[in-house]
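Read the structure below first, then the notes.
The values are calculated or read from the model by the stated rules, or taken from the named source; none is laboratory data. Please read these numbers as outputs of a predicted model, since none were measured by experiment. Because the Cβ atoms are built from the backbone with ideal geometry, glycine has one as well, and the counts that use them run over all protein chains shown.
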Amino acid sequence: MGHHSIEIKQEKFEFTSRSKMVSIILLVAGLVLSAIGIFQIKGSHDHPNPQTHVESAVPGDTHGEHTVTMQHEEHVKPWTARVWANMLVNSYYFLLFGVGALFFVALNYAANAGWSILVKRVAEGISAYIPIGLILLMIALIFGGSQLYHWLHYEHQALKDGAEGFDKILEGKSGFLNSKFLFLGVPLFVLIWYTFRIILRRLSLKEDEEGGTRIFLLSEKLSAAFLVIFGFSFSIIAWLVIMSVDAHWYSTIFAVNNFAVLFVTSTTIIVFFTLYLKSKGYLELVSEEILHDLGKFMFAFCIFWAYTWLAQFLLIWYANIHEEVVYYHIRLHGYFRPIFFINLFMNFFIPLILLMTRNAKRKPMSLIIAGSIILVGHWIDIFLMIMPGTVGTGAGIGPLEIGMPMAFAGLFIYVALNAISKANMYAINHPYIMESATYDVGP
């Protein structure tokens, strides 16, 4: 197909009142379900089961400083801990979508890629959620931090070596695990990311008027700088916000695994928004070829996630070091055991089978089915990272766990679609726009 046969017209998404109402209804329904779940949890806490369940310590662990990490006594967990843990799960998870969309834009600039330009404005719109996501995450950290991170209590005890209650591991990590890093470092890093987003977005819109290559080359340099900063800062946030709920445990591959979650879910979200806009008559130039490449990212990073997940699990299982096996002990026993294996199937085996063929990556229905499983599966993945260390045996899947993701989804969809409606759907003066419009991956 020659370039002369394709005309790229300016088009702008209209965020209709009906579309707004759908996202608002989803938000309100989620809030109602969450409220029901909160009252249900409070009621069960007011009338507890007379049989208190306590997990035993790791077999063979004679180190008192580690034994405490495996004890989960339900009567000492306030009912609000489950509420704040759910808030952390969802605020972190949905923030990944916005940050991942920004990463997608920067990655394609730095890679000098042309195939993705037709969906660049979709990713830019999704990244508008970052400040909202940060606010919700900080609410969870500030108001629920004392119930989510036991090292926050230890920080204020100022115990000396040999004193009762002294924790050698937490003392050694105190330079990193402290309230200043949590309450100042996290927002600082995310605001730095969002600053890059603001600049890249403004340059993108200015390019529509100016054209040429000057703005593209500047955006390319900014994107390269962002990727370097993002690589370090995202690792720190993953360690501080998620890994530290099990503060006696650590994994050197944890941040890489979280990055895999970020990239596969944000790519899936870009696919979902693209398919929705195409169903409304927009983005007609986005071909099966582009969907195919997005589908390949989904497929590839399901495999990459499984690689990092298995590498982490097998190394810890084989070494059998008591500081490390505590993490998997609670996840492989009791309530969390079936969820542990469901997580693996939903995030690896099922997407692997569904997206294996070439045609599956090009068909909207295949992408929607596989993408839905990926999004639910990685919510469960984050749930497994957080709940055992914060709520323990008091965790569960109820109205709160269903309603809160619905509320976040409604808010996220509203913010993203509203941002998409503020600019032209196509970056019409981008140097590679015609390459994207005529893109062909071959047979």
So which pairs qualify, if the first residue must be in region 16-37 and in contact (Cβ under 8 Å) with a residue 40 or more places away in the chain, the second must be not in a helix (DSSP H, G or I) and not aromatic (Phe, Trp, Tyr), the Cβ gap must be under 8 Å, and the two must be at least 6 apart or on different chains? Gly37/Gly398
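When the residues of region 340-363 are narrowed to those that are touching an Asp or Glu at 6+ places or on another chain (Cβ under 9 Å) and assigned to a helix (DSSP H, G or I), which ends up farthest from Tyr250 (Cα to Cα)?
From region 340-363, those touching an Asp or Glu at 6+ places or on another chain (Cβ under 9 Å) are 343, 346-347, 361-363; that's our starting set.
Checking the rest, the ones that are also assigned to a helix (DSSP H, G or I) come to 343, 346-347, 361.
Numbers: Asn343: 20, Met346: 25, Asn347: 22, Lys361: 36 Å.
Across region 340-363, the extreme among qualifying residues is Lys361.
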For region 330-350: of the residues being in contact with a Pro (Cβ under 8 Å, 6 or more places away or on another chain) and hydrophobic (A, V, I, L, M, F, W, C), which is surrounded by the fewest Cβ atoms within 10 Å (Cβ to Cβ)? Phe336
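Does Ile339 fit the bill of being closer than 16 Å to Met298 by Cα and of a type in the set (A, V, I, L, M)?
On the way: closer than 16 Å to Met298 by Cα: no; of a type in the set (A, V, I, L, M): yes.
Taking the combined requirement at face value, the residue does not satisfy it.
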Give the residue, chosen from Leu354, Leu314, that is at pLDDT below 95 and either charged (D, E, K, R) or more than 24 Å from Phe103 (Cβ to Cβ) (or both). Leu314
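Please list, ordered by residue number, the helices (runs of 4 or more DSSP H) wholly in region 35-136 having 3 or more residues that are at pLDDT below 95 and surrounded by fewer than 20 Cβ atoms within 10 Å (Cβ to Cβ). I'd like the intermediate steps shown before the answer.
Details: elements: 64-67, 80-110, 120-126.
Correct list: 64-67.
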Please determine, by comparing only the residues of region 160-173 that are surrounded by 14 or more Cβ atoms within 10 Å (Cβ to Cβ) and not charged (D, E, K, R), which one is modelled with the highest pLDDT. Leu170
Filter region 223-268 down to residues that are closer than 27 Å to Ile428 by Cα, in contact (Cβ under 8 Å) with a residue 40 or more places away in the chain and surrounded by fewer than 19 Cβ atoms within 10 Å (Cβ to Cβ) and give me whichever is nearest to the chain's Cα centre (by Cα). Leu227
Region 351-372 - residue that is crowded, with 17+ Cβ neighbours inside 10 Å and touching a His at 6+ places or on another chain (Cβ under 9 Å) and, of those, farthest from Leu310 (Cα to Cα): Arg362
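Modelled with pLDDT under 80 and buried (at least 16 other Cβ atoms within 10 Å of the Cβ) - does that describe any residue in region 20-34?
Looking for residues that are modelled with pLDDT under 80 and buried (at least 16 other Cβ atoms within 10 Å of the Cβ), one finds none in region 20-34, hence no.
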